Ligand code: DC
C-alpha cells in the first residue's frame with residue numbers, strides 16, 4: 001500500500017510558498033493545494049458582486065452558493081477558471097480582509113481538509129501547520145525579509161502590467177503581514193514543530209532540496 005503523508009507550508013506573503021510547494025509537489029508526485037488562492041477566489045467573487053467585508057449576511061448567502069475547486073494548479077470558481085484573475089493587488093487586499101471573517105474561514109478550512117483526505121498533499125497558506133493540517137507529518141515555515149518579499153511581488157505585478165511603485169507594494173505587504181499575524185482567527189504563526197527556512201538569500205532550488213532532504 002502506498003504511504004500517505006501531508007506537508008504543511010506556511011509563511012507570509014512573498015516568502016516563496018507557492019513556487020516552492022509546486023516544485024516539491026512535482027518532485028514527489030503529490031498534489032499541491034494553494035489555500036491562498038481559495039481566499040483570493042472568495043475575495044474576487046465579493047468584488048464581482050459588489051459585496052463589502054462588513055456585509056456579513058450577504059457574504060454568508062454568497063458562500064452558500066459558492067463552489068471552489070482545483071484542476072491541476074488551476075482554480076475554478078463556480079465552474080469557471082479564474083487563475084489569471086486573482087493575482088491583482090485589489091484581489092489580494094480583499095482576500096486579506098475576507099480571511100478574517102469566521103464564516104469564510106469555516107467554509108474554506110472545511111473544504112481544505114476534505115481536499116487533503118486520503119491522499120498525499122502539500123498544502124500552503126498561513127494556518128496549515130497550526131490548524132488545517134495540524135497533524136501533518138512535515139511542517140515548513142518560510143520567511144524572507146520584507147524588502148525581498150516586496151521586490152518579488154512588485155516584479156510579479158509588473159509582469160502582469162500592474163503599475164505600482166515598490167514602496168506601494170512594500171506598504172501593502174506590511175499591512176497584510178499585520179492583518180495576517182494579528183487577526184483573532186488562526187493568525188499566521190510558525191507551528192512549534194515546523195522547520196523554518198529563510199529564503200531571502202537562497203535559491204528556490206536550494207529551498208526545494210532542503211525540504212526534500214528533510215522529508216527523505
Ligand atoms: O498566499 P496569498 O497571498 O495568496 O493569500 C491571500 C490571503 O489569504 C492572505 O492575505 C492571507 C489569506 N490566507 C489565510 O488567511 N489563510 C490561508 N491558509 C491562506 C491565505
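Values in this text are rule-based calculations from the coordinates and carry no lab data. These numbers were taken from a predicted model, which means no experiment stands behind them. Heads up, the Cβs are rebuilt from the backbone with ideal geometry, glycines too, and the neighbour counts pull from every protein chain shown.
Worth pointing out:
- Subset of segment 52-76 (residues that are buried (at least 18 other Cβ atoms within 10 Å of the Cβ), in contact with a helix residue (DSSP H, G or I) (Cβ under 6 Å, 6 or more places away or on another chain) and under 23 Å from residue 172 (Cβ atoms)): 75
- Candidates 134, 165 - the one that is surrounded by fewer than 17 Cβ atoms within 10 Å (Cβ to Cβ), touching a helix residue (DSSP H, G or I) at 6+ places or on another chain (Cβ under 9 Å) and within 25 Å of residue 104 (Cα to Cα): 134
- Of all the listed residues (156, 196, 170), the sole one being farther than 16 Å from residue 10 by Cα and either in a strand (DSSP E or B) or away from the ligand (no atom under 12 Å from the Cβ) (or both) is 170.
- Pick from segment 13-32, criterion within 10 Å of the ligand (Cβ to nearest atom) and surrounded by 20 or more Cβ atoms within 10 Å (Cβ to Cβ), ranking: nearest to residue 215 (Cα to Cα): 17
- First in segment 148-159 and in contact (Cβ under 8 Å) with a residue 40 or more places away in the chain, second anywhere and crowded, with 17+ Cβ neighbours inside 10 Å and outside any helix (DSSP H, G or I), Cβ under 6 Å, 6 or more apart: 149/14; 152/14; 153/14
- Residues of segment 100-125 that are more than 26 Å from residue 61 (Cβ to Cβ) and within 9 Å of the ligand (Cβ to nearest atom): 123, 124.
- Flag for residue 97 being within 12 Å of the ligand (Cβ to nearest atom), closer than 20 Å to residue 19 by Cβ and surrounded by fewer than 21 Cβ atoms within 10 Å (Cβ to Cβ): no
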